[in-house]
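Engineer: Mind looking over this structure? Questions follow.
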Amino acid sequence: MTELEVFAELKKEVLLTYQKHYPFFSGTWKNFSSKDILQLIDLIEKEQRNTVSEKWVYTHLKPDSNERLPRKDMLDIFSKFSGYSGWDEFHSKIKNSNFESSKAKTQKTYYKNWIFIIPAFFILGLGSFFWLRKSAKKEISIINAYSGKEIPNDEIKIYDVTDSIKKNLTVEEKSTVKTEKDSLKIVIESPFYQSKIVNISADKSKTEIQLQPNDNAMMIKAFLSADIKDWETRKKQLNNMLSENIEVILMLRDNLGSEYFDKGDFIKQILIPTNRLKKWKIVEIKNEEEKVNFIRIQEE
């Protein structure tokens, strides 16, 4: 096991420790929000009396894979946060457990083989059971409250929070979600629409949910793709809708890091249409007192 693979295991441990403090979160580093990052930083400061920057979290914890190992002092901080004396103890534990696991797997191969010797009628019985369950699927359709059209799949996220645990639901074509549960409670989130909590009734096979658009978010989205010639009007509109203290984070493609913009820098970036702007995808927008105060963008 390489050093980067051990670090990947530490990232998993950090998530598990974070979930002990915030049980409602059940995602991965990929959907670890800015709020989650701030809460994690606060936990590190309170429990470890160390300071970790938001940029460090974006650079080293958020990516799916890492090309280099962070500094030893930072590895120590997150190892201690996860319940270890430091990086050396965590590193040793992972290395040893990986060796023991490989050894045990070799020794017990014979005993595991019996699992595959299952009576054919039992397999058929399970297959029939799940086939009947699938036939009872419910369909949930998500549409724009103003236009009445389906919302693009990549603009919404839907979570099942029936059991107070946030579980992601896959959005299929035409903004629909299918579930086998008789009834459930869902949360719908989107950077371009207002979040909504909905209880799905047990007696309905299909439910239509309307989302109210976020006007500021829709306008910024249009600015990124539209070829608008009147840049003076665009500048005034942006100046009016953006907070003076807005924070804009651009996640660079291929996990190359992040760029940060203040209000003035962001307006300059999108004032004139460019090919680069068309490769920017808004993944999160936050408003405060009717003005946008946070934007997260992914470069594709």
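Engineer: Could you please let me know if S147 is surrounded by fewer than 10 Cβ atoms within 10 Å (Cβ to Cβ) and at pLDDT 80 or above?
Structural biologist: Values: surrounded by fewer than 10 Cβ atoms within 10 Å (Cβ to Cβ): yes; at pLDDT 80 or above: yes.
Yes.
Engineer: Here's another thing I want to ask about it. Give E299, E288, E244, E259 a once-over and let me know the one that is of a type in the set (D, E) and under 24 Å from P152 (Cβ atoms). Outline the logic, then answer.
Structural biologist: Details: E288 fails: under 24 Å from P152 (Cβ atoms); E244 fails: under 24 Å from P152 (Cβ atoms); E259 fails: under 24 Å from P152 (Cβ atoms).
The match here is E299.
Engineer: Among what's in the range 41-66 and is among the hydroxyl-bearing types (S, T, Y) and crowded, with 16+ Cβ neighbours inside 10 Å, pick the residue that is farthest from the chain's Cα centre (by Cα).
Structural biologist: Going through the range 41-66, the residues among the hydroxyl-bearing types (S, T, Y) turn out to be 51, 53, 58-59, 65.
So of that shortlist, the ones also crowded, with 16+ Cβ neighbours inside 10 Å come out as 58-59.
Working: Y58: 13, T59: 15 Å.
The qualifying residue farthest from the chain's Cα centre (by Cα) is T59.
Engineer: Check whether at least one residue in the range 173-188 is within 20 Å of F25 (Cα to Cα), among the small types (G, A, S) and not in a strand (DSSP E or B), and report yes or no. Show your work before the answer.
Structural biologist: As a first pass, look at the range 173-188 and keep what is within 20 Å of F25 (Cα to Cα): 184-188.
Add one more test, that the residue is among the small types (G, A, S), and what stays is none.
Scanning the range 173-188 turns up no residue that is within 20 Å of F25 (Cα to Cα), among the small types (G, A, S) and not in a strand (DSSP E or B).
Engineer: Next up: Condition first: part of a helix (DSSP H, G or I) and out of contact with any helix residue (DSSP H, G or I) (no Cβ under 6 Å at 6 or more places or on another chain). Now tell me which residues in the range 30-42 satisfy that. Break it down into steps so the answer makes sense when it comes.
Structural biologist: Restricting attention to the range 30-42, the residues satisfying the condition of being part of a helix (DSSP H, G or I) are 30-31, 34-42.
K30, N31, S34, K35, D36, L38, Q39, I41, D42, listed by residue number.
Engineer: Considering each residue of the range 244-300, count those that are under 24 Å from the mean Cα position of the chain (by Cα), of a type outside the set (D, E, K, R) and in a strand (DSSP E or B), and give that number.
Structural biologist: Residues meeting the conditions: 19.
The values are calculated or read from the model by the stated rules, or taken from the named source; none is laboratory data. None of these values were measured; they are calculated from a predicted model. Positions of Cβ are generated from backbone atoms using ideal geometry, with glycine treated the same way; all protein chains shown enter the neighbour counts.
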